Each structure stands twice: as structure tokens, then as C-alpha cells.
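Presented below is the structure to which this report refers.
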Amino acid sequence: MMVVDELARARRTVLETIAGSAARAGRDPGDIEVVAVTKTVSADRIRGAIAAGFTILGENRVQERASKVAEIDAIASWPAGQAPTWHLVGPLQSNKARRAVELFDVIETVDSLELAGRLSRIAGEVRPGRALPVLLQVNVDDDAAKSGYDVAALERDLAAILELPGLRVDGLMTVGRLVDAPERARPTFVALRALSERLRALDGRLGPALSMGMSEDYPIAVEEGATIVRIGRAIFGERHMAPR
Ligand SMILES: *Cc1c(COP(=O)(O)O)cnc(C)c1O
């Protein structure tokens, strides 16, 4: 099967699954964005995914996006307003912040005031007048294996982050616990949503976005209020060791 057909079929399956979950939760499926996570996926297949209708793509490493950007963006010159949007979904080291602002439209993984401040400054230089959309990554279930703000630190820093002129804080992001059954991820999603509601009641400048749910558990994340799901393997198949 042609790459584009195969990816278009995967896209339909994902959208149907989201629609099913949204219906169970009484939600509008149009409120849920799919980030197609392309780590280890070749530039060629990424172009196929864009042709198949995916409009939001995600990488977890700045370097990997940089290594593919020429191949993806040079060949297609996007009609105005139709360029795909890129999300950074992996941890960001401060020495890569400038490159990240250049290569990504949304940074989902802000997890310190220091990083937020740096991104705000750089955004003011690289894209003056256009605040950079970000999410605050929260380690909402205190999982030692994961990065992200712990809840107390986020509460401490939130007001200062929301003051930063170069950022637009769209909401919260979390990576679910690695569990043996998708249903067991549900408490993480419930917790992120509750945290969002609590923080937004304190400070309405925090946006309502909830980025949660991956290939194994996105149907459950949507039931629990996800507005962004980040899906790799359910679209592109299992990852192989070598990127490209
Ligand atoms: C890889 C990755 C995903 C996608 O994971 P799949 O299990 O392939 O759907 C989502 N979020 C983050 C942060 C990732 O690194």
C-alpha cells in the first residue's frame, strides 16, 4: 500500500476512536487535536503524513527536528497558512532553547521558571509581537521516571510564568505512567484535569489545554478531557532503534 494511503487509513482510525471516546464523554470531537509524533520516522514518511492530512506534528528532540527540517520544508513550499505546525514534546535543555523557538510552534515541555524565562526572552527576539505558545509539563503522579513540574513547584512558579511577555501559556501537559493496562492510566488524566481546574480558578490567565494520552491510552485520555493527544506508534507503527 502507498505510504499516504496507509497513513490516511491510520488517521481515520485515530479520528474515529477519538470520536467514540468524545461521544462517551459528551464532548465535541472537534475540540481534540492530534499531534502525530514523528520521532524515528523518516522525513519521507513525515511528508506522507502531511499529505495524508495530519496538520500537527511532534518531535521529542530538537536535534531530530533540525536534522529533518530541510528535507520536509524545502520540498513543499506551503501555501499561506497551511504549513504544518510543530510541537516539541520532549525535554528541553536550556542551551537548545533558541533552536527550539526557531524550529517549533508550540513547546509542550516547559518545566521550570528558568526555562520559561529564557524562552520568553528568546521569543521576544526571534518572533517579536507573537507570544510563543507553551504548555507546562507536570509530573502529576510523582513518577520518578518522568520529568515535569511537581505540583507544589508549579504552584509556586505559576504567577511568575504567566507574567512573562513572550509566552502564551495554553495549558498543561503530562506523560502518563507506564502501565500494563491502559485503564490504569486514567487516574493520571483525572489528576491533570483536576489540577488544571484548580489552577485556572486561581489564575484565569492559564489556558485550558490538556495534552495527555499516547498510542496506548489516548481513548481514555479523551474521555477524561484531553484537548491534545500525542500519538506515534498508532499512526506510524512500532519504532525501530535507528532514527531514519
Ligand atoms: C514518543 C512520545 C509520544 C508518542 O508515543 P506513542 O506511544 O508512540 O504514541 C507522546 N508523547 C511523548 C512525550 C513522546 O515522547
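What follows is calculated from the coordinates using simple rules that are stated; it is not laboratory data. All values reported here derive from a predicted model rather than from experimental measurement. Every residue, glycine among them, receives a Cβ derived from its backbone with ideal geometry; neighbour counts consider all protein chains shown.
For this structure, a couple of remarks:
- Footprinting exposure proxy for Val110, Val151 (fewest neighbouring C-beta atoms within 10 Å first): Val151, Val110
- Convex hull volume per residue, computed on the Cα atoms of region 34-149, equals 115 Å³.
- Of the residues Asn95, Asn139, Asn60, the one that moves most in a GNM of the chain with alpha-carbon contacts below 10 Å is Asn95.
- Cα centre as origin, Lys/Arg/Asp/Glu Cβ charges: the chain dipole, Debye: 520
- Label-point separation in nm, Asp150 to Gln82, each point 7 Å along Cα→Cβ: 4.9
- GNM result for the chain, Cα springs below 10 Å: residue of Ala181, Ala49, Ala66 fluctuating most strongly: Ala181
- Burial ordering of Thr85, Thr109, fewest other beta-carbon atoms within 10 Å first: Thr85, Thr109
- Under the span-like rule (Cα at least 27 Å along the axis, Kyte-Doolittle mean at least -0.5), DSSP H helices of the chain: 3-24
- The magnitude of the dipole of region 1-70, with charges of +1 and -1 set on the Cβ of Lys/Arg and Asp/Glu and taken from the Cα centre, is near 160 debye.
- Applying both filters, DSSP loop and at most 13 other Cβ atoms within 10 Å, to the GluC sites (Glu not before Pro) of region 144-244 gives Glu238.
- Largest GNM mean-square fluctuation across Arg98, Arg24, Arg230, computed for the chain with C-alpha springs under 10 Å, falls on Arg24.
- Whether region 100-156 is rounded, prolate or oblate, judged on the alpha carbon gyration tensor where a/c under 1.5 counts as rounded: prolate
- Placing dummy labels 7 Å off each Cα toward the beta-carbon, the span from Val3 to Asp44 is 0.6 nm.
- Length available on full extension from Ala159 to Thr13: 0.36 nm per residue minus the Cα-Cα distance, which gives 48.6 nm.
- By definition, a body whose alpha carbon gyration tensor gives a ≥ b ≥ c is oblate when a/c is 1.5 or more and a/b is not larger than b/c, and the chain fits this oblate description.
- Positive-end residue, region 23-93 charge dipole about Cα centroid, Cβ charges, pick of Ser67, Phe54, Gly90: Gly90
- Value of Rg/Rh across region 161-244 [Cα atoms, Kirkwood radius]: 1.06
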